[in-house]
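Peer 1: Okay, here's the structure, questions in a sec.
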Amino acid sequence: MQVTFLHLLVIAVTFSRGNCTTSNSHVSSTFPPKGDMTSESQDTLIPREILFGNPEYASPSLSPDGTYLLYLAPSADGDVLNVFVRETSSPSTARQITNEPIRGIRQAFWAEDSQTVLYLQDFEGDENFHLWALDATTKDAVARDLTPGKEVKAQNIIINKRFPEEILVATNARDPKAFDMYRCRYKETDPEKSLVLDTKNPGDVLGWGAEDNSFEVREAVVKNQSDDSTTIRVRDDAKTAEWRDLITFPYGEDGNLVEFCDESSCWMLSSLGRETTALLKVDLKTGKTLEVVSYNDKCDCGAVVLDEDTKELRMVSYTYARVERVFFDKQLEIDYQRLAELGPPNAEVGVSSKNRDETVWIVAYSRSDGPTTYVVYDQVAKTTAPLFCSKPALLPYQHLLKPMEDVRITSRDGLELVAYLTRASASTPTPLVLLVHGGPWARDYW
């Protein structure tokens, strides 16, 4: 029986301001074909393991120098996601560098030395994720646990290109209820020397942030248990300055410090006095708004892209129904326009990774009627080369997949609901399946 699906997103401007007002060969693949596969019956069912199983390629990431590419893929013997590394320009050099037999790895990324792969992994599903380091350039290298200890959990990892030998990582090794910030020298083999306490948690800090030029911990996100408000604390330096409250978001409000601009101001997202979050420039001494830079009355700010050196704003994205981008950098706008021209029709363009000088990008094309495809973008030549497809096994069934539409439904009180509609391919009316999102702070996406 054919059915029509309607994924209903109740936009937050209606009820709340929460989020919005088959092989494993590891070789390159091109875009999915669009040909008419008449040999297949329209009643063919797509196997569930293809629809819901692991991707064959996921989370590609360039090393900072662009020499190597890491990605997640199922192991050949156990269908468990592991880390693979290859030379960026040579698919035949791909090899599996981790060997997790039970629970797949979900997060892996490069250290600034372009040789060390860092990844998070727990112990058979206990959710106590440790940070591991592995030399990706040495065959049969053994992973080192950078955050050892029973029932220790690592999170809040910060990497900085100006300090290539260090990373910041929060763990609850000292107190199971509180995460302190540690400075980790990930190449040091002596555990007592590699992990040094940097900033002690007074007990109410949920997360930490660092100023980019100094790589000092200068931001703390604090939760007030009595009223569920969130406060951003800052300090002028990590050696002598005291912490001070910069801004408080009462329960129901949203906001966070995006980045320090300089010694006197910062980029901040805030919904205070608004129905959606806006991007602000804020005085670091007083917490007062210096400038309202960007906002959308229908939905919150999404990604904020800054120049890594000057901290000048380059782009802000918004997702009301589909991703919309507001550019403050003409060159970046040209790149995204070019990527849209080079990709499949009606696909969402996403940048997965860049090398350090941003001349080579890994770009993802996401679509509603096919698997995600990845390409390598030469930013200088403005050309792309195929990398791989997330689920090659889905390609023979692509003619069975139908495109999703974003539609607007007017509610009884006159406000607009965003929904995503997938129509069954049928000449007669079909049943409607309505999938309502999971609450006022959740939403569906195209």
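The values are calculated or read from the model by the stated rules, or taken from the named source; none is laboratory data. Quantities reported herein were computed from a predicted structural model and do not represent experimental measurements. Cβ atoms come from the backbone with ideal geometry, glycine included; neighbour counts cover every protein chain shown. Note: areas computed on protein heavy atoms with side chains; ligands, DNA, RNA excluded. Shrake-Rupley method; radii C 1.70, N 1.55, O 1.52, S 1.80 Å.
Peer 1: Taking square-rooted eigenvalues a ≥ b ≥ c of the alpha carbon gyration tensor, is the range 130-258 rounded, prolate or oblate, where a/c under 1.5 means rounded and, failing that, a/b exceeding b/c means prolate?
Peer 2: Prolate, since a/c reaches 1.5 and a/b exceeds b/c.
Peer 1: Shape verdict for the range 379-432, please, from the Cα gyration tensor: rounded (a/c under 1.5), prolate (a/b greater than b/c) or oblate.
Peer 2: Values: a/c = 3.96, a/b = 1.54, b/c = 2.57.
Verdict is oblate for the range 379-432.
Peer 1: Keeping every protein chain in place, order Phe328, Phe52 by accessible area at 1.4 Å, biggest value first, i.e. largest first.
Peer 2: Phe52, Phe328
Peer 1: Could you work out [θ]222 nm for the chain from helices alone, using -39500 (n - 2.57) per DSSP H run of at least four and dividing by all its residues? Round to the nearest 500 deg cm²/dmol. Numbers along the way, then the final one.
Peer 2: On the way: 4 runs with 26 residues, N = 446.
The helix contribution divided over the chain gives -1500 deg cm²/dmol.
Peer 1: Still on this structure, I have one more. Each residue of the range 144-150 in order: what ³J(HN,Hα) in whole Hz does its phi give by Karplus 6.51 cos²θ - 1.76 cosθ + 1.60, θ = phi - 60°, with x for Gly and Pro?
Peer 2: Running phi through 6.51 cos²θ - 1.76 cosθ + 1.60 with θ = phi - 60° gives 10, 7, 7, 10, x, x, 6 Hz.
Peer 1: I would also like to ask the following. For Val258, enumerate residues with amide H under 5 Å from its amide H, sequence gap 5+ or separate chain, H modeled in the peptide plane.
Peer 2: Trp267, Met268, Leu269
Peer 1: Suppose each label sits 7 Å from its Cα in the direction of the beta carbon; what would the Asp283-Thr359 distance come out to in nanometres?
Peer 2: With each label point 7 Å from Cα toward Cβ, the separation is 4.4 nm.
Peer 1: Also, I was wondering about something else. Given the convex hull of the Cα atoms of the range 317-385, what is a quarter of its surface area in nm²?
Peer 2: Values: hull surface 19.4 nm².
Directional mean of the projected Cα hull area for the range 317-385 stands at 4.9 nm².
Peer 1: Which GluC sites (Glu not before Pro) in the range 131-179 sit in a loop by DSSP (not H, G, I, E or B) and have at most 11 other Cβ atoms within 10 Å of their own Cβ? Before the final figure, lay out each step's value.
Peer 2: Numbers: sites: Glu151, Glu165, Glu166; in loops: Glu151, Glu165, Glu166.
Hits after loop and neighbour filter: Glu151.
Peer 1: Out of all DSSP beta bridges in the chain, what portion is antiparallel? Express it as a percent rounded to 5. Please report the intermediate quantities before stating the final value.
Peer 2: Values: 110 of 115 bridges.
In the chain, approximately 95 percent of DSSP beta bridges are antiparallel ones.
Peer 1: Assuming a ≥ b ≥ c are the square roots of the Cα gyration tensor eigenvalues, decide whether the chain counts as rounded (a/c under 1.5), prolate (otherwise, with a/b larger than b/c) or oblate. Intermediate values should be presented prior to the final figure.
Peer 2: Working: a/c = 1.68, a/b = 1.18, b/c = 1.43.
It comes out oblate by the Cα gyration axes.
Peer 1: What does the convex hull of the alpha-carbon atoms of the range 142-217 project to on average, in nm²? Each step should come with its number before you reach the end.
Peer 2: Values: hull surface 20.8 nm².
Averaging across all directions leaves 5.2 nm² for the Cα convex hull.
Peer 1: Now for a separate question. Counting only heavy atoms of the protein chains, get the accessible area per residue of the chain (1.4 Å probe) and round it to a whole Å² value. Intermediate results must be reported in sequence, preceding the final value.
Peer 2: Numbers: 22020 Å² over 446 residues.
Accessible area per residue: 49 Å².
Peer 1: Here's a follow-up. Students often forget the sequence filter, so: which aspartates and glutamates lie under 17 Å Cα-Cα from Lys285 once same-chain residues fewer than 8 apart are removed?
Peer 2: Answer for Lys285, where 17 Å is the Cα cut-off: Glu211, Glu219, Asp236, Asp237, Glu242, Asp245, Glu259, Asp262, Glu263, listed by chain and number.
Peer 1: A further question on this structure: What is the dipole size for the chain, taken about its Cα centre, with +1 at each Lys and Arg Cβ and -1 at each Asp and Glu Cβ, in debye to the nearest 20? Walk me through the intermediate numbers first.
Peer 2: Working: 47 positive and 68 negative charges, 132 e Å.
Its charge dipole is roughly 640 debye.
Peer 1: Next question. Measuring from label point to label point, each 7 Å out along Cα→Cβ, what is the Thr410 to Ala141 span in nm?
Peer 2: With each label placed 7 Å out from Cα toward Cβ, I get 6.1 nm.
Peer 1: Continuing with this model, one more query. Please give me the summed charge of the neighbours of Tyr186: other residues whose Cβ is under 10 Å from its Cβ, Lys and Arg +1, Asp and Glu -1.
Peer 2: Working: positive: Arg144, Arg185, Lys187; negative: Glu112, Asp113, Glu165, Glu166, Glu188.
Surrounding charge for Tyr186 is -2.
Peer 1: At a probe size of 1.4 Å, how large is the accessible area of Val436, to the nearest 10 Å²?
Peer 2: 90
Peer 1: Around Val360, under 15 Å between beta carbons, what's the net of Lys plus Arg minus Asp minus Glu among the other residues? Intermediate values should be presented prior to the final figure.
Peer 2: Working: positive: Arg86, Arg338, Lys354, Arg356, Lys382; negative: Asp65, Glu87, Asp335, Asp357, Glu358, Asp378.
Overall, the nearby charge balance is -1.
Peer 1: Rounding to the nearest 20 debye, state how big the charge dipole of the range 56-190 is about its Cα centre with +1 on each Lys and Arg Cβ and -1 on each Asp and Glu Cβ. The partial results should precede the final answer.
Peer 2: Working: 15 positive and 22 negative charges, 63 e Å.
For this selection, approximately 300 debye.
Peer 1: Amide H of Ile97: which non-local residues (sequence gap of 5 or more, or other chain) have their own amide H closer than 5 Å, using H built in the peptide plane?
Peer 2: Under 5 Å from the amide H of Ile97 lie the amide H atoms of Val83, Phe84, Val85, each far enough along the sequence or on another chain.
Peer 1: Quantify, in whole percent, the carbon and sulfur part of the accessible surface of the chain (1.4 Å probe; protein heavy atoms only). Kindly include the intermediate steps, with their values, before the conclusion.
Peer 2: Values: 11010 of 22020 Å².
The computed percentage sits at 50.
Peer 1: Hey, another quick one. Probe radius 1.4 Å, ligands and nucleic acids left out: which of Ile159, Ile362, Ile50 has the largest accessible area, and how do the rest follow? Please report the intermediate quantities before stating the final value.
Peer 2: Working: Ile159 55, Ile362 0, Ile50 30 Å².
Correct descending sequence by accessible area is Ile159, Ile50, Ile362.
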